[in-house]
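A quick write-up on the structure given underneath.
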Amino acid sequence: MKKLLLTFAAFAVAFGASAQFSLTPKDPTDVVWQDFGSSVLGQSNLKFKINLKDATFGLDLNPANVSYSIFTDDDQIFTFTVDEYGSMDGITEDMTEIPYGFGKHSMNDSIVFFYRTNNENPPFFTERIGIQVYYNFNGTKTASNIVYTYLESVTPATPANATDLVWTPGDGTDWSSKFEFDIIPPVDVDGNALLQSNVSYSIFYDYDQPYTFLYEEYGPYDYLHGMTGDMTEIPFSLIHGYITPGAIHFLHEPDFWRIGVQVYYTIDGVRSASDIVYLVIGEEPEYMRGDVDDDNDVDIDDVTRLIDVVLGKQVTYNAAAADCNTETGDGSVDIDDVTALINRVLTGSWN
């Protein structure tokens, strides 16, 4: 009895004889973000453990008085809206503070589900997500620290390579050249289905040069449905609507010696890519356009070498590769070639 009285006396000294005694919840533990936003369900969750003990004295907390809030990035509190989360038990109004029992699926863990699937419902945080626990008792509300889990870089599934590449030359009259390939259904390298809304692709030619579909050329014909500007990366949803998806018609006859396709899968702004799969459709030229210094690459060194050539300096160079302002050259090496080469090095494209 004496020990108990001394304990209460210590409490009185610590908190003041007239102060209202309050309990502070312990910080949540085992906070883990599980990102399933790239799945077909598009339902991610935050798992955590709430210890129903006071942080200072280890006294039991009444679960009915425990609640929590979710925070993101710069301590921004997350709101569970009726419009989005009304189908979940217990959400009858917009809520920023969730009762302890809500979303509790096991004896030890609590789980909060989030809908974050695609462009219609983008991720609600970019850097971190966390939880703070509250204890409400006799009109007094105390809180734990906000415990965050920091995101690791999202690594989207790697899409499988395109298959069944076919090139059909134009006939010079009604039909232009056509490039066909198979990326349907879009799957990853293990054969798992990918969300089509996150899939895109690019066409490459010759020496890994990306092909640009110019809006002024393709846009007026609504060739790629929804096209609003020049495009080097084509969303899966904009694939040609008149022919089996995976077929590209060129509205002019390109001068390629090979053509290929690369598939992308993008999650939260992070993109993974398949290999560029090529189909050889002609004879490889004896030189690489723009490879002025003959090192089998087109880079800033070629720009420097070409400037020296135009200035009349005595340097070795590949004259055919230096005449690069058009696909086949215009017969002279001058400032127009320098301009074209700089654009190629900066943008990766000759267009």
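The values are calculated or read from the model by the stated rules, or taken from the named source; none is laboratory data. What you are looking at is a predicted structure, and each value in this text was computed from that prediction instead of being measured. Cβ sites come from the backbone with ideal geometry, for glycine too, and all protein chains shown count toward neighbours.
For region 209-244, the tally of residues that are assigned to a loop (DSSP other than H, G, I, E, B) and modelled with pLDDT of 80 or more stands at 7. For region 293-351, a residue qualifies if it is hydrophobic (A, V, I, L, M, F, W, C) and within 35 Å of the chain's Cα centre (by Cα), and the qualifying residues are Val298, Ile300, Val303, Ala340, Leu341, Ile342, Val345, Leu346, Trp350.
Just to check your reading of the model, which residue among Asn136, Asn108, Asn118, Asn145 is at pLDDT below 70 and farther than 30 Å from Ser200 by Cβ?
Testing whether each residue is at pLDDT below 70 and farther than 30 Å from Ser200 by Cβ leaves just Asn108.
Among residues that are touching a residue at least 60 places away in the same chain (Cβ under 8 Å), closer than 19 Å to Tyr201 by Cβ, aromatic (Phe, Trp, Tyr) and in contact with a Pro (Cβ under 6 Å, 6 or more places away or on another chain), Tyr265 is included. Here Tyr205 fulfils each of the conditions (1) under 30 Å from Phe125 (Cα atoms); (2) crowded, with 17+ Cβ neighbours inside 10 Å; (3) not acidic (Asp, Glu) apart from (1).
Filtered by the rule that a residue be touching a Ser or Thr at 6+ places or on another chain (Cβ under 6 Å) and at pLDDT below 90, region 263-294 gives a lone residue, Ile267.
Counting residues in region 294-312 that are over 20 Å from Leu214 (Cβ atoms) and small (Gly, Ala, Ser) gives one or more. Against the numbered list (1) farther than 21 Å from Asn145 by Cβ; (2) at pLDDT below 80; (3) out of contact with any helix residue (DSSP H, G or I) (no Cβ under 7 Å at 6 or more places or on another chain), Ile91 comes up short only at (3). The residue that is surrounded by the fewest Cβ atoms within 10 Å (Cβ to Cβ), counting only those in region 158-198 that are of a type in the set (Phe, Trp, Tyr) and in contact with a Leu (Cβ under 6 Å, 6 or more places away or on another chain), is Trp167.
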